[in-house]
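Q: Please read through the structure below; I'll follow up with questions.
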Amino acid sequence: MFRQLSETFDAHRRFTAFAVAATTLIAVYGLTRLEYDDLPRATFRSNDTDFARLEEAFHQFGADDVDCVFLVEADDIYTPNNVASLRRLIDEVNKIRGVESVQSLADIMTFPKRQGSKFLNTLLRPVPTKPYSLLPSLNEKGEMPTPEECLKARNSALAHPLAAQLMSEDGRATLVVARLNGGDLPIRKISPIITEMHAVISRLEHTSGLRIRLTGLAPIRSEIFESVQSESTKFICVGGLLAVAMATWMFRRVSAVFIVCISALLGAVWTIGAMGLVGEKMNIITTVLPTLVLVVGFTDAVHLMIDIRRERALGVPPREASRDALRHLGLACLLCSLTTAVGFGSLAVAQIEIIQKFGVICGLGAVFALVAVLATTPLLSGTKLGRYVQSSAEVDLPERLATALLPLVRWIVSHRRTTATVGILVTGLMSISMFMLTPSNQSTEALPTTRPSFQAIQELDRRFGGSTSAMILVDWDAPLTHDSGEVLRAIDDAQKFAETHPDVRNPISIVSLIRSLPDGRGTALENQAEQLRFVPDETVALYVRHELRRAIIRLRLQEVGSNEHLEIFDTLRTGLVALEAKHPGLHFHLTGTSVLASRNLNQMIADLAASLGSAAAIIFVVMTLGFGSFRLGLISIVPNLFPMVVTASVLVLTGRPLQMTSVIVFSICLGIAVDDTIHFINRFQRELRLDGNVDAAIIRSYRAVGSAMIMTSVVLIAGFGSLQISEMPTTRLFSGLSVLTIFAALIGDLIILPAMLSCFVPTPKLPLAPISEASLEVEAAASGAHR
């Protein structure tokens with residue numbers, strides 16, 4: 001097949017050059033149309049009733065993922081100067097364009113205790129006395145509140161049921177929550193608002209004794225998105241420069257470096273350009289796509305270049321050498337790309353839309369990388385550039401590495417049983433760690449720990465019992481009303497149940513508002529609810545929508561990770577089911593950004609992890625069919641599994657959960673490990689057909705492709721290792737795990753694979769499989785040169 005393909009390619013070089021150039025121009029045009037998907041909810045969007053209910057709740061009560069939280073700290077919030085400064089902060093934030101509302105202590109009203117007979121008060125249902133704000137304001141003359149007024153307000157705030165989510169127990173910290181206009185706002189609209197908020201903070205901190213930090217989902221997402229954009233560009237450049245530097249170190253010829261790098265780069269350009277052409281936006285997951293496609297293309301391009309240089313050193317003309325490289329390695333490159341494409345394509349059956357698209361795009365990217373490398377590397381090597389990729393008198397780095405590897409491979413072959421047994425046992429034992437990993441995700445895991453917003457989250461957890469929010473929706477059937485005793489008692493029961501959970505803090509609802517009002521005609525909730533007529537409608541609407549027969553209970557939780565959150569949410573749901581049985585006609589639903597994000601992000605991680613199993617099975621089938629040997633398919637399992645179990649073991653030993661970053665590393669590096677395995681076995685089969693000697697074929701294969709495997713691994717380790725300079729924890733995690741997995745994959749392919757081939761591949765029965773005279777002549781010459 002590849003003999004005919006190589007001859008057809010050689011006969012139509014001009015057409016191939018035109019096709020490559022035209023495809024590249026179209027891809028470059030697509031790059032100009034590429035956009036980033038900066039809608040935060042796109043990450044956990046799903047087509048189910050839970051997401052629809054969340055969107056509905058956001059529309060009715062306001063979204064909880066567009067809040068900007070100002071953490072305000074001082075030795076005492078309630079000094080006249082600090083109260084005045086806090087008032088200025090609230091006023092200035094209210095003036096920022098794009099801010100819909102600001103919630104603070106200034107919005108909470110309290111009533112002085114009523115004097116006189118409780119009996120008469122109950123009987124006459126008096127109008128409450130004039131309320132006052134929990135945050136004193138300047139008087140009519142513009143003077144600051146007195147210390148006495150501040151102390152009175154402070155004591156009221158510490159006792160007020162609605163103030164628990166806005167003021168710390170020691171009175172040294174308070175929250176100002178600014179809600180942005182709109183629902184699912186894109187980051188490009190959020191970022192300018194965040195910038196203006198930081199400007200307000202900077203002005204006030206210089207003129208007051210307050211310490212102010214901005215956090216919340218909206219600022220955190222804005223910071224993460226901007227970091228991803230800037231660092232993606234930066235590290236693509238750094239990675240590209242490193243790839244050029246390492247290729248120069250390997251080949252020392254400008255023409256060889258240019259051919260390898262441009263071949264790998266074109267695959268990435270075609271893939272990203274195709275995304276732009278079809279309108280598929282780049283998101284936080286697909287940012288790894290250029291790296292993935294570059295990795296796949298670069299490894300194949302290096303293998304092709306080494307084969308071309310080897311033949312050029314034997315005096316083969318450039319055009320013939322490039323044609324032979326396509327014939328020798330075409331099947332291996334095809335199998336590499338096919339296993340990668342099909343493996344990632346298995347993600348198309350995932351439950352989350354963003355993962356489905358990621359799998360399809362990665363699969364297409366592998367195909368683009370294959371076409372780009374198989375077309376460009378032989379094409380350019382067959383031109384005048386090919387004359388300078390290698391000289392016959394030059395002893396290059398691959399050849400020196402191949403010579404240095406001889407003692408190692410001879411030792412492996414002579415200790416084949418011991419090496420294979422240890423490899424199988426170690427891989428089997430470490431595979432247990434794969435089942436010990438638990439998925440988890442945090443909204444701040446990509447945020448640098450040095451950022452004020454991250455530190456503010458930590459402080460929120462400490463001072464306020466949690467920085468993450470959730471909601472319980474309470475619906476009721478007609479003819480019940482929001483102020484009926486049955487509805488209010490059900491809401492009260494749900495709030496009290498939530499309070500009993502050790503990980504839930506400060507739940508508030510319409511019942512909390514009612515209990516902040518005077519008693520009215522008695523202590524029964526339905527009697528106290530009559531006092532709601534003195535409360536502004538917009539305040540009541542924060543907790544209940546009587547026309548929709550729906551109320552909301554707001555909860556606060558600590559940022560402990562999606563897996564831990566799921567356990568909390570499961571417990572709450574169980575309790576809410578019991579409450580529905582206790583209160584017929586009422587329905588309870590747990591929702592919120594954290595609820596759906598925890599579920600869907602864990603599902604994304606589970607989908608990615610499950611795809612690894614599917615990919616491994618598919619890879620086994622493809623390699624079995626591609627090499628025409630069930631035995632070789634089985635042999636390839638252990639060296640391909642080895643890097644994954646090594647990485648999993650390190651995660652378990654260091655106490656890290658299974659995050660999206662680590663699963664993506666597994667997926668990427670599985671492709672790398674498979675590529676080297678395929679190239680080694682492909683070469684082994686070619687060498688075995690020369691003389692039928694298994695051990696000699698392993699040694700020759702080691703010399704032929706072992707150096708290429710080492711050099712590509714060194715390049716990848718250097719490229720991924722450069723990401724350690726990132727300030728983002730997830731990027732540094734991606735870098736460290738990638739380096740570890742690539743190194744483990746190299747060990748598996750250079751040590752375990754040869755030992756298993758030596759142990760389990762029998763000496764073929766003569767006559768050997770037919771091989772052409774031309775190929776036999778070149779192979780024999782190459783083998784003789786190696787000896």
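The values are calculated or read from the model by the stated rules, or taken from the named source; none is laboratory data. Remember, predicted model here, so these are calculated numbers, not experimental data. For neighbour counting, all protein chains shown are included, and Cβ atoms are generated from backbone atoms with ideal geometry for every residue, glycine included. The area values use the complete protein model at the heavy-atom level, side chains included, leaving out ligands, DNA and RNA. Shrake-Rupley method; radii C 1.70, N 1.55, O 1.52, S 1.80 Å.
Q: Is it the case, given these coordinates, that ILE747 is surrounded by fewer than 22 Cβ atoms within 10 Å (Cβ to Cβ), over 18 Å from VAL288 (Cβ atoms) and modelled with pLDDT of 80 or more? Steps first, please.
A: Numbers: surrounded by fewer than 22 Cβ atoms within 10 Å (Cβ to Cβ): yes; over 18 Å from VAL288 (Cβ atoms): yes; modelled with pLDDT of 80 or more: yes.
Against the criterion (surrounded by fewer than 22 Cβ atoms within 10 Å (Cβ to Cβ), over 18 Å from VAL288 (Cβ atoms) and modelled with pLDDT of 80 or more), ILE747 qualifies.
Q: Can we say ARG410 is modelled with pLDDT of 80 or more and among the charged types (D, E, K, R)? Walk me through how you get there before you give the answer.
A: On the way: modelled with pLDDT of 80 or more: yes; among the charged types (D, E, K, R): yes.
Yes.
Q: Something else now. Looking at GLY279 and the list (1) at positive phi; (2) open to solvent by less than 10 Å² (accessible area, probe 1.4 Å), which single condition is not satisfied?
A: (2)
Q: Would it be correct to say that GLY315 is surrounded by fewer than 24 Cβ atoms within 10 Å (Cβ to Cβ), touching a residue at least 60 places away in the same chain (Cβ under 8 Å) and within 38 Å of the chain's Cα centre (by Cα)? Step through it out loud before you land on a result.
A: Numbers: surrounded by fewer than 24 Cβ atoms within 10 Å (Cβ to Cβ): yes; touching a residue at least 60 places away in the same chain (Cβ under 8 Å): yes; within 38 Å of the chain's Cα centre (by Cα): no.
Considered against the rule, which asks whether it is surrounded by fewer than 24 Cβ atoms within 10 Å (Cβ to Cβ), touching a residue at least 60 places away in the same chain (Cβ under 8 Å) and within 38 Å of the chain's Cα centre (by Cα), GLY315 comes out as no.
Q: Given the conditions (1) over 22 Å from GLU486 (Cα atoms); (2) surrounded by fewer than 19 Cβ atoms within 10 Å (Cβ to Cβ), report the number of the one that LYS582 does not fulfil.
A: (1) is the only condition that LYS582 fails.
Q: What is the residue count in the stretch 152-189 for residues that are of a type in the set (A, V, I, L, M), touching an Asp or Glu at 6+ places or on another chain (Cβ under 8 Å) and not in a strand (DSSP E or B)? Let's see the steps before the verdict.
A: The initial filter retains those residues of the stretch 152-189 that are of a type in the set (A, V, I, L, M), namely 153, 157-159, 162-164, 166-167, 173, 175-178, 180, 185, 187.
Among the residues that remain, those that are also touching an Asp or Glu at 6+ places or on another chain (Cβ under 8 Å) are: 158, 173, 177-178, 180, 187.
Add one more test, that the residue is not in a strand (DSSP E or B), and what stays is 158, 187.
So the count comes out to 2.
Q: Are any of the residues in the stretch 645-667 more than 27 Å from the chain's Cα centre (by Cα), at negative phi and at pLDDT 85 or above? Lay out the reasoning, then the answer.
A: Kept after step one, since they are more than 27 Å from the chain's Cα centre (by Cα), are these residues of the stretch 645-667: none.
No: zero hits.
Q: Here's a check for you: in the stretch 750-773, which residue that is among the small types (Gly, Ala, Ser) and at pLDDT below 90 is nearest to ASN693 (Cα to Cα)? So that I can check it myself, show each step before the final result.
A: The initial filter retains those residues of the stretch 750-773 that are among the small types (Gly, Ala, Ser), namely 755, 758, 769, 772.
Next cut, at pLDDT below 90 only: 769, 772.
On the way: ALA769: 13, SER772: 19 Å.
For the stretch 750-773, the residue satisfying everything is ALA769.
Q: Another question about this same structure. Please verify whether the stretch 94-101 includes one or more residues that are assigned to a helix (DSSP H, G or I) and modelled with pLDDT of 90 or more.
A: Kept after step one, since they are assigned to a helix (DSSP H, G or I), are these residues of the stretch 94-101: 94-95.
Add one more test, that the residue is modelled with pLDDT of 90 or more, and what stays is 94-95.
Within the stretch 94-101, one or more residues are assigned to a helix (DSSP H, G or I) and modelled with pLDDT of 90 or more.
Conditions (1) modelled with pLDDT of 90 or more; (2) under 30 Å from THR450 (Cα atoms); (3) open to solvent by less than 70 Å² (accessible area, probe 1.4 Å); (4) of a type in the set (Ser, Thr, Tyr), marked per residue:
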residue	(1), (2), (3), (4)
SER137	no, no, yes, yes
GLU149	no, no, no, no
ALA157	no, no, yes, no
PRO161	no, no, yes, no
VAL176	yes, yes, yes, no
SER191	no, yes, yes, yes
ALA199	yes, yes, yes, no
SER208	no, yes, yes, yes
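Q: Further question on the same structure: Based on this model, can you work out whether LEU304 counts as open to solvent by less than 10 Å² (accessible area, probe 1.4 Å) and at pLDDT 85 or above? It would help to see each step written out before you state the result.
A: On the way: open to solvent by less than 10 Å² (accessible area, probe 1.4 Å): yes; at pLDDT 85 or above: yes.
Taking the combined requirement at face value, the residue satisfies it.
Q: While we're here: Among what's in the stretch 1-34 and is outside any helix (DSSP H, G or I) and at pLDDT 80 or above, pick the residue that is surrounded by the most Cβ atoms within 10 Å (Cβ to Cβ). Walk me through it before giving the result.
A: Let us first name the residues in the stretch 1-34 that are outside any helix (DSSP H, G or I), namely 1, 12, 33-34.
Among the residues that remain, those that are also at pLDDT 80 or above are: 12, 33-34.
Details: HIS12: 12, ARG33: 12, LEU34: 16.
Within the stretch 1-34, the match that is surrounded by the most Cβ atoms within 10 Å (Cβ to Cβ) is LEU34.
Q: Could you tell me how many of the residues in the stretch 417-437 are closer than 30 Å to ASN563 by Cα and surrounded by 13 or more Cβ atoms within 10 Å (Cβ to Cβ)?
A: We begin by selecting, within the stretch 417-437, every residue closer than 30 Å to ASN563 by Cα; these are 426-437.
When the remaining residues are screened for being surrounded by 13 or more Cβ atoms within 10 Å (Cβ to Cβ), the result is 426-427, 430-431, 433-434, 437.
Residues in the stretch 417-437 being closer than 30 Å to ASN563 by Cα and surrounded by 13 or more Cβ atoms within 10 Å (Cβ to Cβ): 7 in total.
Q: Of all residues in the stretch 60-93, which are among the β-branched types (Val, Ile, Thr) and not in a helix (DSSP H, G or I)?
A: VAL66, VAL69, VAL72, ILE77, THR79
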